[in-house]
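Each remark here refers to the structure printed beneath this line.
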Amino acid sequence: MSLKAWLAKGALQAHKPSAKEIAGLVALADRNLADAGIRGLSAEGRLQFAYNAALAMATAALHAAGYRTNSNVPGHHAVSVESLQHTIGAGAALVRKLDAFRRKRNRVSYDAPAAVSAREAADMLALAAQLRRDVEAWMRAKHAALIAR
C-alpha cells in the first residue's frame with residue numbers, strides 16, 4: 001500500500017518533522033543498538049533492543065517523509081516497517097525480513113516466551129545497524145535540513 005493510501009485509510013497522518021525530533025529518534029536507535037550489543041543479555045532481549053532500533057529508524061524515515069503512524073489504528077508497527085519501501089526505497093526482501101522479526105518480537109513480548117536463537121538476535125542487530133546507516137544516508141540525500149551536521 002502507498003503512503004497516500006495509508007493516509008486516506010487513516011493508518012497515517014500528515015506530519016511536519018523537525019531536526020530535533022529526527023535527532024531524538026536517531027539517538028533512541030543508537031541507544032537501542034548499544035543495548036542490543038550488551039554481552040550477557042538474553043537473545044530475546046538483544047532481539048527486542050535491535051528491533052526497537054530498527055523501528056526508531058523506520059519512524060524517523062516516515063517522519064522525514066511527512067507522515068506519522070496513527071497509533072490508534074492496529075498494526076502501526078507493521079505500517080512503519082512496510083513504509084520503508086516508500087520512504088528510503090528499501091527492497092521487498094529487507095522489508096519481509098524486518099517484518100518477520102517484528103512478528104517474532106511480538107510473540108516474545110506479548111504472547112509467550114518464544115525461543116530466540118543467538119543467530120536470530122545477531123541477524124536482527126546487523127539488520128538494524130544497516131537500516132540505521134541506510135536511513136541516515138537517505139535523509140542526508142533527501143532531507144538534509146533534518147540531519148544535525
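The values are calculated or read from the model by the stated rules, or taken from the named source; none is laboratory data. Being a predicted model, the structure only gives us computed values, none of them experimental. Positions of Cβ are backbone-derived with ideal geometry, glycine not excepted, and every protein chain shown enters the neighbour counts. Accessible surface is based on the protein model in full, side chains and every heavy atom, while ligands, DNA and RNA are left aside. Shrake-Rupley method; radii C 1.70, N 1.55, O 1.52, S 1.80 Å.
For region 42-58, what are the residues that are open to solvent by less than 30 Å² (accessible area, probe 1.4 Å) and closer than 17 Å to His76 by Cβ?
Pass one, region 42-58, residues open to solvent by less than 30 Å² (accessible area, probe 1.4 Å): 43, 45, 47, 50-51, 53-58.
Within region 42-58, Tyr51, Ala54, Leu55, Ala56, Met57, Ala58 qualify.
Criterion first (assigned to a helix (DSSP H, G or I) and at pLDDT 90 or above) does Ala122 satisfy it?
On the way: assigned to a helix (DSSP H, G or I): yes; at pLDDT 90 or above: yes.
Yes; evaluated as a whole, the condition is true for this residue.
Just wondering, is there one or more residues in region 125-139 that are touching a residue at least 24 places away in the same chain (Cβ under 8 Å), open to solvent by 20 Å² or more (accessible area, probe 1.4 Å), closer than 23 Å to Ile22 by Cβ and aromatic (Phe, Trp, Tyr)?
Yes, that holds for at least one residue.
State whether one or more residues within region 133-148 are over 14 Å from the mean Cα position of the chain (by Cα), β-branched (Val, Ile, Thr), closer than 25 Å to Gly10 by Cβ and assigned to a loop (DSSP other than H, G, I, E, B).
No, region 133-148 contains no residue that is over 14 Å from the mean Cα position of the chain (by Cα), β-branched (Val, Ile, Thr), closer than 25 Å to Gly10 by Cβ and assigned to a loop (DSSP other than H, G, I, E, B).
Tally up the residues in region 109-124 that are open to solvent by less than 40 Å² (accessible area, probe 1.4 Å) and closer than 26 Å to Gly24 by Cβ, please.
Here the count works out to 2.
If you go through region 8-41 one residue at a time, how many are in contact (Cβ under 8 Å) with a residue 40 or more places away in the chain and either surrounded by 16 or more Cβ atoms within 10 Å (Cβ to Cβ) or of a type in the set (Gly, Ala, Ser) (or both)?
Residues flagged as in contact (Cβ under 8 Å) with a residue 40 or more places away in the chain and either surrounded by 16 or more Cβ atoms within 10 Å (Cβ to Cβ) or of a type in the set (Gly, Ala, Ser) (or both) within region 8-41 amount to 16.
For Ser83, indicate whether it is surrounded by fewer than 21 Cβ atoms within 10 Å (Cβ to Cβ) and among the hydroxyl-bearing types (Ser, Thr, Tyr). Before the answer, list the steps.
On the way: surrounded by fewer than 21 Cβ atoms within 10 Å (Cβ to Cβ): no; among the hydroxyl-bearing types (Ser, Thr, Tyr): yes.
Answer is no for this residue.
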